[in-house]
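Working notes for the structure below.
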Amino acid sequence: MSESSTPIEDRGYAHPEYLASTEWLASHIDDSDVRVVDCNFPGEFEDGHIPGAAQPENNWYKGSSASTLIAPPDEFERMMSVLGISNDSTVVAYDSDSNHLAPRLFWALRYYGHANVKVLDGGYPAWLAENRTVETGAASVEAGSFKASTHAEVIALREDILADIGATGTQFWDVRTDEEWTGENARGTARGGRIPGATHLEWKTLITGGDVPVFRSSDELMSILTSVGVTLDKNIVPY
């Protein structure tokens, strides 16, 4: 049985509640506290999206005056409120690119204190593969009221990284492409390259192939990560 056909709760995850199945979403999509966020880019959203979904104005959740950093609390509060998200909302994020974009919202919300957020298992491809209802065109939702509460423990700042280079208890995990790892593709950075001592494992390695990519099972994930030295006894800093 492939991961895409294995129920989330049977894949051995420590926190299966971080993922939502298409079945769960279909049965809860009309709940008043559920907010669905389509994390794809604008043209894709208008071509088709899950009913009732909202689309962020900034898929990266970056600040207007510091475009390499996450938006400050006041800007993030406004972004979430526009999406219809309040502090009591259950947020379900999805995309069409193997969970490339949806986890950004997952992390950003958790950084700002919102624990009740899920990533849709299989994303929009899974929804389409099951012939579920879709909407097209622009959409609007009723505004929410979100108050941010910063959780600094989930982020590594420049000074933290510099202090931990060479530390035996910290493992920097470079999840970028091979070309970014080698420095061949600087991708807008000043010098390209990588953090000294980092290990490389592109994020896509953790996702299955096929028409409906999902996260690999816990056993498979642990085997892959352990093989490159990313182990649970270390402070893991992905970038």
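The values are calculated or read from the model by the stated rules, or taken from the named source; none is laboratory data. What you are looking at is a predicted structure, and each value in this text was computed from that prediction instead of being measured. Glycine gets a Cβ as well: all are built from the backbone with ideal geometry, and neighbour counts include every protein chain shown.
Under the condition of being surrounded by fewer than 19 Cβ atoms within 10 Å (Cβ to Cβ) and closer than 15 Å to Glu23 by Cα, the residues counted in the stretch 97-139 number 7. Scanning the stretch 1-54 for residues that are charged (D, E, K, R), in contact with a strand residue (DSSP E or B) (Cβ under 8 Å, 6 or more places away or on another chain), part of a loop (DSSP other than H, G, I, E, B) and within 27 Å of Asn87 (Cβ to Cβ) yields a total of 2. Out of the stretch 174-189, which residues are touching a residue at least 12 places away in the same chain (Cβ under 8 Å) and not in a helix (DSSP H, G or I)? Correct list: Asp174, Val175, Arg176, Thr177.
Among the residues making up the stretch 55-81, those that are within 22 Å of Leu25 (Cα to Cα), modelled with pLDDT of 95 or more and within 16 Å of the chain's Cα centre (by Cα) are Gln55, Pro56, Met80. Screening Val214 against (1) surrounded by 17 or more Cβ atoms within 10 Å (Cβ to Cβ); (2) touching a residue at least 40 places away in the same chain (Cβ under 8 Å); (3) over 28 Å from Gly43 (Cβ atoms) leaves a single unmet condition, (3).
Yes/no per residue for (1) among the aromatic types (Phe, Trp, Tyr); (2) assigned by TED's automatic domain parsing to the domain that holds Thr199; (3) modelled with pLDDT under 95; (4) part of a loop (DSSP other than H, G, I, E, B):
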site	(1), (2), (3), (4)
Arg104	no, no, no, no
Trp107	yes, no, no, no
Arg110	no, no, no, no
Lys118	no, no, no, no
Phe146	yes, no, no, yes
Gln171	no, yes, no, no
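If you go through the stretch 167-180 one residue at a time, do you hit one that is under 25 Å from Ile8 (Cα atoms), out of contact with any helix residue (DSSP H, G or I) (no Cβ under 9 Å at 6 or more places or on another chain) and not aliphatic (A, V, I, L, M)? No: zero hits.
Scanning the stretch 197-239 for residues being under 28 Å from Ile165 (Cα atoms), assigned to a loop (DSSP other than H, G, I, E, B) and either of a type in the set (A, V, I, L, M) or under 19 Å from the mean Cα position of the chain (by Cα) (or both) gives a total of 7.
Just one of the listed residues (Glu44, Glu23, Glu57) is charged (D, E, K, R) and in contact (Cβ under 8 Å) with a residue 40 or more places away in the chain, namely Glu44.
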